[in-house]
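The structure under discussion appears below in the form of structure tokens.
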Amino acid sequence: MQIAIDGPAGAGKSTISKFVASEMGYLYIDTGAMYRAIGYKALENNISLDESEKIDAMAKESEIELKITDHGQSIYLDGKDVTGKIRTPEVSMAASKVSAIGGVRRSLVELQRKIAGSNNVIMDGRDIGTVVLPDAEIKIFLTASAEDRAMRRYLELKEKGTETSYQAVLEDMQKRDYQDSHRAESPLKAADDATIIDTSGQTLGESVQLIVDFIKSRVQA
Ligand code: DC
């Protein structure tokens with residue numbers, strides 16, 4: 001069984017996917033974390049995000065692993081745990097930029113398909129239902145208004161102690177959504193056979209429940 005969850009930033013994809021994975025014993029694959037790891041590495045190595053060829057070469061020689069630990073899932077880049085470093089606003093923007101590079105996408109899509117293998121998986125991202133797992137049995141396109149998504153992300157950052165404003169988060173998110181849905185390679189869009197779920201006006205808890213019920217009903221059908 002493969003479940004694909006796509007949608008714009010802050011729609012609640014990862015919270016929902018983690019919950020479903022633990023409830024149903026599925027493997028959760030956070031593909032955004034992989035693009036974040038490459039964006040982080042480019043920033044760390046002072047490689048300009050416009051230097052596509054350099055970033056492509058860097059991605060090809062990078063080792064990315066997702067490991068299940070006592071605290072959930074961790075992402076390792078070249079053998080080092082970078083989980084705590086990839087959720088900053090700078091890395092979000094860098095991830096969005098490097099994700100537009102065709103070669104980077106091809107390397108990561110290959111890795112994503114390899115990890116999915118023959119496991120029961122729930123994978124979230126931007127191109128899972130359209131490109132990575134086109135035969136997934138369940139495809140969900142999760143969305144919400146930009147204002148709702150920005151408010152959720154703002155509260156999340158605030159809780160972690162990151163200093164920012166709601167307005168800055170909203171502007172970053174709108175910029176990232178635009179980049180992600182207007183790039184030439186695998187832009188963010190709903191697969192033709194995806195179920196579109198809009199969680200505007202709902203709390204994260206309400207939307208998690210809605211989607212878990214939807215997935216369970218489809219799995220049992
Ligand atoms: O899901 P996220 O916010 O962690 O993703 C970070 C960036 O990575 C996002 O702005 C676009 C890119 N991305 C992508 O292009 N394709 C994916 N499957 C997942 C993420």
Checked the stretch 82-116 for anything in contact (Cβ under 8 Å) with a residue 12 or more places away in the chain, over 17 Å from residue 179 (Cβ atoms), of a type outside the set (Val, Ile, Thr) and part of a helix (DSSP H, G or I); matches are 85, 103, 107, 111, 112, 113, 116
In the stretch 187-221, the residues that are modelled with pLDDT under 95 and of a type in the set (Ser, Thr, Tyr): 199, 200, 203, 207, 217
Within the stretch 176-195, residues more than 16 Å from the chain's Cα centre (by Cα), in contact (Cβ under 8 Å) with a residue 40 or more places away in the chain and loosely packed, with under 13 Cβ neighbours inside 10 Å come out as 184, 193
Which number in (1) more than 30 Å from residue 221 (Cβ to Cβ); (2) modelled with pLDDT under 95; (3) within 13 Å of the ligand (Cβ to nearest atom); (4) basic (Lys, Arg) marks the one condition that residue 67 misses? (3)
Which one of these does residue 146 not meet: (1) surrounded by 13 or more Cβ atoms within 10 Å (Cβ to Cβ); (2) closer than 27 Å to residue 66 by Cβ; (3) among the small types (Gly, Ala, Ser)? (2)
I'm checking my understanding of the structure. Among residues of the stretch 117-129 that are surrounded by 22 or more Cβ atoms within 10 Å (Cβ to Cβ) and outside any strand (DSSP E or B), which one is farthest from the ligand (Cβ to nearest atom)? 129
Conditions: (1) within 19 Å of residue 5 (Cα to Cα); (2) modelled with pLDDT of 95 or more; (3) away from the ligand (no atom under 13 Å from the Cβ); (4) surrounded by fewer than 19 Cβ atoms within 10 Å (Cβ to Cβ). Residue 140 meets all but one. Number of the miss? (4)
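The values are calculated or read from the model by the stated rules, or taken from the named source; none is laboratory data. Keep in mind the model is a prediction, meaning the values are calculated, not measured. Reconstructed Cβ throughout: ideal geometry from the backbone, glycine too, with neighbour counts over all protein chains shown.
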